[in-house]
Amino acid sequence: MTTSSANLPPPEGKPLTGVPRLPIRAQKPLLRFVALFEFGKGVFVMAMGVCALLLVHKDAWWLAESLLAKFHINPDRRYAQLFLDFADSATDKRLWTAASVAFTYGGLRLIEAYGLWRQRAWAEWVAFIAGTVFLPLEIRELSRGITVLRVVLFLGNLVVVIYMYYLLRYNHRERQKVAAAPPFG
């Protein structure tokens, strides 16, 4: 019975030669930071989904008015009126839909965060594509009015998209180098 040397484990302390390997990631700390950023977004959105479910079969307008009173916000102000109008239009069907969308989106972000934490190539693609898809929406939101939250979210997602593009290009070049390398032996 013969075994090929490619199937044998390498001797202690010696690298395995003749077997192409993917590059070791030197970007681990930054990739983990991106994973934590995506994890935070996923948890936040899922929390919003839970809040939507807690409002089902409740008088959302009364809760909104109570919240404004608790924080001593004048209900005659423009944004308070928008908040109250939004609460008044919240139906159970809309709340269930909002919760479903929030759980789906949040779940995608949590899966993406897991993949980035574990340094999976598919997660880099998910982060790049998802971030790129949302950039036009964030630009539209910025055109409606610049706020600190909108700017931070836009810049954070822009940095993630640029970094994922860099990683995807870098890993593609490394795989090409490995494939073009002459076989040992």
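Values in this text are rule-based calculations from the coordinates and carry no lab data. These numbers come from a predicted model, not from an experiment. So basically every Cβ, Gly included, is an ideal-geometry build from the backbone, and we count neighbours across all protein chains shown.
Of note:
- GNM result for the chain, Cα springs below 10 Å: residue of 160, 126, 152 fluctuating most strongly: 152
- 3J(HN,Hα) from dihedral phi, region 43-59, Karplus parametrisation 6.51/-1.76/1.60, rounded to Hz, x for glycine, proline: 5, 4, 5, 5, 5, 5, x, 5, 4, 4, 5, 5, 8, 5, 6, 10, 7
- For the chain, the calculated P(r) over all alpha carbon pairs, in 5 Å bins from 0 to the bin holding the longest distance, is 1, 7, 11, 12, 13, 13, 10, 8, 7, 5, 4, 3, 2, 3, 1, 0, 0, 0 percent.
- Applying 1/(1 + (r/R0)^6) with r as the Cβ-Cβ distance of residue 166 and residue 111 and R0 = 30 angstrom yields a FRET efficiency of 0.85.
- Note on the chain: dipole from Cβ charges, positive end direction compared against 61, 74, 161; the farthest Cα belongs to 161.
- A Cβ-based charge dipole, computed about the Cα centre of the chain with Lys and Arg at +1 and Asp and Glu at -1, lands at about 740 debye.
- Counting only Cα atoms, region 99-185 measures 63, 27, 16 Å along its principal axes, largest extent leading.
- Degrees between helix 78-88 axis and first principal axis of the chain (Cα, 0 to 90, nearest 10): 80 degrees
- In nm, spacing of pseudo-spin labels at residue 76 and residue 121 (7 Å Cα→C-beta vector): 6.4 nm
- Taking the chain as a Gaussian network of alpha-carbon nodes connected by springs under 10 Å, the highest mean-square fluctuation of the residues 53, 149, 167 belongs to 149.
- Close Lys pairs in the chain (alpha-carbon distance under 24 Å; sequence gap of 8 or more, or different chains): 5.
- Helix 60-70 vs. the chain, principal-axis angle (Cα, 0 to 90°, nearest 10): 90 degrees
- Helix 148-180 and the long axis of the chain differ in direction by around 20°, with both axes built from C-alpha atoms.
- When the Gaussian network model of the chain links Cα atoms closer than 10 Å, the mean-square fluctuations of 74, 157, 171 top out at 74.
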